1. Consider residue 9 against the criteria (1) touching a residue at least 24 places away in the same chain (Cβ under 8 Å); (2) in contact with a strand residue (DSSP E or B) (Cβ under 9 Å, 6 or more places away or on another chain): it satisfies all of them except one. Which criterion is unmet?
2. What tally of residues in the range 2-39 results from selecting those that are surrounded by fewer than 20 Cβ atoms within 10 Å (Cβ to Cβ) and at positive phi?
3. Here are 168, 178: which of them is surrounded by 15 or more Cβ atoms within 10 Å (Cβ to Cβ), at pLDDT 95 or above and assigned to a helix (DSSP H, G or I)?
């Protein structure tokens, strides 16, 4: 496991596109964050006490998408994948595209509004998706809406509060401070109940 004094990797995608809000909050990558030989069960035993709750177990997902109502944590318990972050299928590719490689034992936290998809994955790639306790059930937006709808989704994403805890380190972990500093505005805790139950 990483040391609590070792900060996660940070990747900023502040600039929106016509079809993707993105976020002033950085994507966070925690290397070797999970127990050795992780399983969905041991992954949840580590993260759920930190008030990030399991939403499901997922595999390779090549569709560009973002969530406008919740942040999301991928905790990879098997295999590896290359993620493309920050743009949708209708946005032009560029040499500045952000690619992040994740593998067994890693965790990545995606702020609301940030587009993501798997470009390529090992056949055995699997991860647990976890979401802050009290957040809305995720919505899938496939990065094909017009600019006006994207702006509306961007406002939704901006209204998603900073979680009270770090998924890996819990209270006092680096996520809260990093994200509050990135927002440059007052933090507000979750007040609304989850809109729908999490899937098993």
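The values are calculated or read from the model by the stated rules, or taken from the named source; none is laboratory data. What you see is a predicted model; the values in this text were computed from it and never measured. Methodologically, a virtual Cβ is constructed for each residue, glycine included, from the backbone with ideal geometry; neighbour enumeration extends over all protein chains shown.
1. Looking at each condition in turn, residue 9 falls short on (1).
2. Looking only at that region, the number is 2.
3. Numbers: 168 fails: assigned to a helix (DSSP H, G or I).
Among 168, 178, only 178 is surrounded by 15 or more Cβ atoms within 10 Å (Cβ to Cβ), at pLDDT 95 or above and assigned to a helix (DSSP H, G or I).
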